[in-house]
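Enquirer: Quick one: structure below, then a few questions.
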C-alpha cells in the first residue's frame, strides 16, 4: 500500500546575491509527478520482474526500489549509497583506482564531477562502510581543526575504541595525502590549522539522532551528510522519518538528480 506523506513546502529565503542559495527543506513533499513515475515503474516491474534499469554505473533490479519504498526496508548491499554518489564511482573507474593519483584528484576537485577543490572547503563529508560490522557511518574531515568526526546512527553497535581503531588508516592517510600537495604550506590554510596537522588526526564520535531498527544506517548517513553540509540541524533525521526519506530518495534516483550537482 502506498501512502504519500505530507510535508512543508520549500520556502525561498532572501539571501545575498553572491550566494543565490535556496534554503533546503528536508521534509519538502515529494512532487506529484515523481510519485506517478515511481508508481508507473513499480507497475512495469510487476509485469516484468526481470526488468533492469541503469543508474550511472549501477544496475538496479526490483529489490533496489522495493527496499527503498518499504517502511522497514533494508538498503540491500551498497547500491543505494553508490547510486547517490554514482558520478564519483563512475569517474574513478574511468581513470583507474591508483592510490596516489585518484586520491589527489579527489582533493583537487577533479572527481567526482560535482566535487570541488579542498582548498575551497573547510569540511569534507563522506560515507564510510565499516565492512566487518556491515554498518555505514558518516565521516567529516575538518580541514581547519585537523580532526575527524564520526556520525554514527547506532553507537551501541561498535565501542568507541574499536571505532577509532577501524578508522585509524584514514587518520594517517589524510595528513600524508595533504602533505603530498603542500596543502597547508601554500593555500588558504597556511596559517589556519589549529594543530600539528602532519600527525595522525584525532577521531571523535559525535552525538547524533539514533536509529531504532537494524536497517536504516545507510539512509541515516545520507541524511546526515545532506543536512550537515547545508548547515541544517539534524532534528528531522529520525527513524520515524526514514520511510519518507527512502521514498523521496527513490523518486530522486528515478528523476536522475539524487545528491548530484
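The values are calculated or read from the model by the stated rules, or taken from the named source; none is laboratory data. Values in this document were obtained by computation on a predicted structure and should not be read as measured data. Ideal geometry is used to build each Cβ from the backbone, glycine not excepted, and the neighbour counts take in all protein chains shown.
Enquirer: Take the conditions modelled with pLDDT under 90, more than 30 Å from residue 214 (Cβ to Cβ) and within 22 Å of the chain's Cα centre (by Cα) and apply them to residue 144. Does it pass?
Expert: Here the answer is yes, as residue 144 does meet what is asked.
Enquirer: Consider the range 182-209. How many of its residues are part of a loop (DSSP other than H, G, I, E, B), in contact with a helix residue (DSSP H, G or I) (Cβ under 8 Å, 6 or more places away or on another chain) and at pLDDT 90 or above?
Expert: Residues flagged as part of a loop (DSSP other than H, G, I, E, B), in contact with a helix residue (DSSP H, G or I) (Cβ under 8 Å, 6 or more places away or on another chain) and at pLDDT 90 or above within the range 182-209 amount to 5.
Enquirer: Can you go through 170, 222 and tell me which one is in a helix (DSSP H, G or I), surrounded by 14 or more Cβ atoms within 10 Å (Cβ to Cβ), touching a helix residue (DSSP H, G or I) at 6+ places or on another chain (Cβ under 7 Å) and modelled with pLDDT of 85 or more?
Expert: Answer to the check: 222.
Enquirer: Name the one entry in 52, 69 that is loosely packed, with under 13 Cβ neighbours inside 10 Å and at pLDDT below 80.
Expert: Being loosely packed, with under 13 Cβ neighbours inside 10 Å and at pLDDT below 80 holds for just one of 52, 69, which is 52.
Enquirer: Now, a different point. Would you point out which residue out of 164, 110, 92, 149 is at pLDDT 80 or above, under 30 Å from residue 253 (Cα atoms) and outside any loop (DSSP other than H, G, I, E, B)?
Expert: The match here is 149.
Enquirer: I'd like to check something: does the range 238-257 contain any residue that is crowded, with 17+ Cβ neighbours inside 10 Å, in contact with a strand residue (DSSP E or B) (Cβ under 9 Å, 6 or more places away or on another chain), farther than 16 Å from residue 126 by Cβ and modelled with pLDDT under 90?
Expert: Within the range 238-257, one or more residues are crowded, with 17+ Cβ neighbours inside 10 Å, in contact with a strand residue (DSSP E or B) (Cβ under 9 Å, 6 or more places away or on another chain), farther than 16 Å from residue 126 by Cβ and modelled with pLDDT under 90.
Enquirer: Just one of 247, 222 is within 17 Å of the chain's Cα centre (by Cα) and farther than 28 Å from residue 159 by Cβ; which is it?
Expert: Result: 247 is the single residue among 247, 222 that is within 17 Å of the chain's Cα centre (by Cα) and farther than 28 Å from residue 159 by Cβ.
Enquirer: Hey, another quick one. Mind listing whichever residues of the range 121-158 are without any contact (Cβ under 8 Å) to a residue 12 or more places away in the chain and within 22 Å of residue 105 (Cβ to Cβ)?
Expert: If the condition is that a residue be without any contact (Cβ under 8 Å) to a residue 12 or more places away in the chain and within 22 Å of residue 105 (Cβ to Cβ), then no residue fits.
Enquirer: Could you please let me know if residue 161 is free of Cβ contacts under 8 Å to residues at least 40 places away in the same chain, farther than 20 Å from residue 106 by Cβ and touching a strand residue (DSSP E or B) at 6+ places or on another chain (Cβ under 6 Å)?
Expert: Spelling it out, it is not the case that residue 161 is free of Cβ contacts under 8 Å to residues at least 40 places away in the same chain, farther than 20 Å from residue 106 by Cβ and touching a strand residue (DSSP E or B) at 6+ places or on another chain (Cβ under 6 Å).
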